[in-house]
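Accompanying notes for the structure given below.
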Amino acid sequence: MARTPLEKSAEPDLGTDLIPKERYVSREFMERESDRMWSRAWLMAGTLSDISEVGDFFTFEIGRESIIVVRSAADRIDAFHNACQHRGYRVCEAERGHGKTFVCPYHLWAYDLAGKLRGVPDREDYPQGIPDDTRLAPVRCDTWGAWVFVNMDLGAESLSEYLGEAGGHLDGYHFDRNYALTEDITFEWNCNWKVGVDAFNEVYHVQGIHPELLEISDDVDCPIDLYGKHSRFLFKIGVPSPRWTDTKAQAAGYRDRGEVTKEMATVLEAFGLDPKDYDDRIEEIRPALITSLREAAGPANLDFDDLHDEQLWLDVHYSFFPNITFNISPGHFWLFRHRPHPTDPNKMYWDYQNYDRIPRNSEPPPRPTHRFAVWGDGQEKDLHIALRQDGDAAAPIQAGMRSRGFKGLHLAAQERRIRLFHKVLGEYVDG
Ligand code: FES
Ligand SMILES: [Fe+2]
């Protein structure tokens, strides 16, 4: 089993070109993404634990496509396009469910769990006949971690080739057994889906929209690694930013940057450490937190066995092309999936999921209900403050990108995960 590497990887040369804004605002580009990228990339469709019994299924909506994923046998998962072979009706309108067959609501054509057509009312009424091998159009599927992935291209490379080296980096977290899904909300954002991806691929914006993070995290020394199509950064928590200066600390009512802030004290106290012990010794906080977490793991029956000490107080932040973001801390992780709107390049769906670490061999809590919300309707108020700030930034970015006074993204080196993303996207849409 591979552990998360902590060393720097080799850097490809990605150039310095402007990223044309048409990628974010044009319908024509949106159509090309649908025809050439979404139809050929491996996509995270849903959670494996949602289809543990034979007959369990879920549907996955991605742009104008809908895909059914079903546990068709104890050891088999099938996926197919959600389009009846009679006249195209969406066979399955439920988000999740359980059954023995899929019966199209319109004229009641019936398909078995493997997608094969099994029943047609008035079958003798088709002078042209109905071929015996009629079935819902198949989609490839495979699993990684705690999730099912699909690919609409039947000739695509395997999922493990697609994920490449980065796919093995997170094995040590054991997503399939050590965490349980505890929050599941889809928010509609007024921006292109790539604004969602970009929002989580750099820490340059921390000083702008997340000033309170400067007290407890390092947005300057944040190593970036690029792995083929995918990328990561390692964001240190439990240490103040170099941008958290004496001046900023004093403006916030502290003596200087060496004083333990309220935010940092909360973290220390949660791990049984006395904030007073770290006054003027703030550089000792992170090692102390690591030690305390390591010591707490055994008695709490938490499995941190395959994690390096260093990563116990890191936000291990991976992006898998095209649309998956992981923010992984030892105790929990956030999984974000950024999905395009079916017709409007100025809208997207931001799937937010929180997973909490559970003790070894314990029963996971009941699955939370999936909720849908429009950003701004109030349901975002319980999210972490940083996520509320990120979500609030989505619409103003899209609005500015649509201006005739804006030509494209002029990216900094520390934003090169966004540059890599666009290189890979270009290979799909132009290649
Ligand atoms: S469209 Fe499905 S049975 Fe007619
Ligand atoms: Fe952010």
Less than 12 Å Cβ to Cβ from ALA10, Lys/Arg counted +1 and Asp/Glu -1: what total charge do the surrounding residues give? -4
Residue-wise, which Karplus ³J(HN,Hα) couplings in Hz belong to segment 331-342, taking 6.51 cos²θ - 1.76 cosθ + 1.60, θ = phi - 60°, and x for glycine or proline? x, 7, 9, 9, 10, 10, 10, 10, 10, x, 6, x
Search the structure for amide H atoms under 5 Å from the amide H of GLY408, placed 1.01 Å from N in the peptide plane, and list their residues when 5 or more places away or on another chain. LYS21
Nearest 0.05, what FRET efficiency do ASP221 and ARG118 give at R0 = 60 Å with Cβ-Cβ as r? 0.50
To one decimal place, what Kirkwood hydrodynamic radius in Å is obtained for segment 45-91 from all pairs of distinct Cα atoms? 11.2 Å
Scan around VAL139 for amide H atoms under 5 Å from its own, H built in the peptide plane at 1.01 Å from N, and keep only partners 5 or more places away or cross-chain. ALA79, PHE80, HIS81
Less than 19 Å from a label point 7 Å out along the Cα-to-Cβ axis of LYS100: which backbone N atoms in segment 47-74 qualify, by residue? 53-57, 70-74
Sketch the reach of a paramagnetic label on ASP75 as a point 7 Å from Cα along Cα-to-Cβ, and name the residues of segment 36-60 whose backbone nitrogen lies under 18 Å away. 52-55
Computed from the beta carbon distance with a Förster radius of 45 Å, FRET efficiency for ASN301 and LYS262 to the nearest 0.05 stands at 0.90
Going by average Cβ neighbours within 10 Å, how do the peptides 347-356, 391-400 rank, with the highest at the top? 347-356, 391-400
Quick one: Karplus J couplings for segment 401-409, per residue in order, coefficients 6.51, -1.76, 1.60, θ = phi - 60°, nearest Hz, x for Gly and Pro? 5, 7, 5, 5, x, 10, 9, x, 7
What list of whole percents do you get for P(r) of segment 168-430, with Cα-Cα distances grouped in 10 Å bins up to the one holding the largest distance? 6, 26, 34, 25, 8, 1
Distance in nm between label sites at VAL424 and HIS384, each 7 Å beyond Cα in the beta-carbon direction? 2.2 nm
Using alpha carbons only, how many angstrom separate the centre of segment 199-262 from the centre of segment 97-168? 46 Å
Which far-off residues, 5 or more places away or on another chain, put their amide H under 5 Å from the one on GLU183, with H placed in the peptide plane? ASN354
So what's the net charge close to VAL69: Lys and Arg +1, Asp and Glu -1, counting the other residues with Cβ under 14 Å from its Cβ? -4
Calculate, in nm to one decimal, what PHE372 and ASP344 gain on full extension: separation in residues at 0.36 nm each, minus their alpha carbon distance. 8.3 nm
Which of LYS194/LYS236; LYS21/LYS194; LYS236/LYS347 exceed 21 Å between C-alpha atoms? The answer is LYS194/LYS236; LYS236/LYS347
Computed from every Cα-Cα pair in segment 348-412, P(r) in 5 Å bins starting at 0 and rounded to whole percents is 3, 11, 17, 17, 14, 13, 10, 5, 4, 3, 1, 0
In whole Hz, what ³J(HN,Hα) sequence does segment 294-299 give by Karplus (6.51, -1.76, 1.60; θ = phi - 60°), x for Gly and Pro? 4, 5, 6, 4, x, x
Stretched fully, the stretch from ASP279 through ARG177 gains (0.36 nm per residue minus C-alpha distance, one decimal, in nm) 32.8 nm
Difference of contour (0.36 nm per residue) and Cα-Cα distance, TYR89 to SER362: 94.1 nm
Summed over the other residues with a beta carbon less than 15 angstrom from that of PRO299, with K and R at +1 and D and E at -1, the charge totals 0
For the pair ALA395 and ARG27, what calculated FRET efficiency results from E = 1/(1 + (r/R0)^6), where r is the Cβ-Cβ distance and R0 = 22 Å, to the nearest 0.05? 0.70
Relative to the chain, whose Cα atoms define the longest principal axis, helix 416-430 and its Cα axis are tilted in degrees, nearest 10, by 20 degrees
Compactness summary of segment 286-431: radius of gyration and Dmax from Cα atoms, Å, are 19.2, 60
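Only the coordinates and a few stated rules stand behind these numbers; no lab work does. Everything quoted here is computed from the prediction, not taken from an experiment. Please note: Cβ atoms are built from the backbone with ideal geometry, for glycine as well, and neighbour counts cover all protein chains shown.
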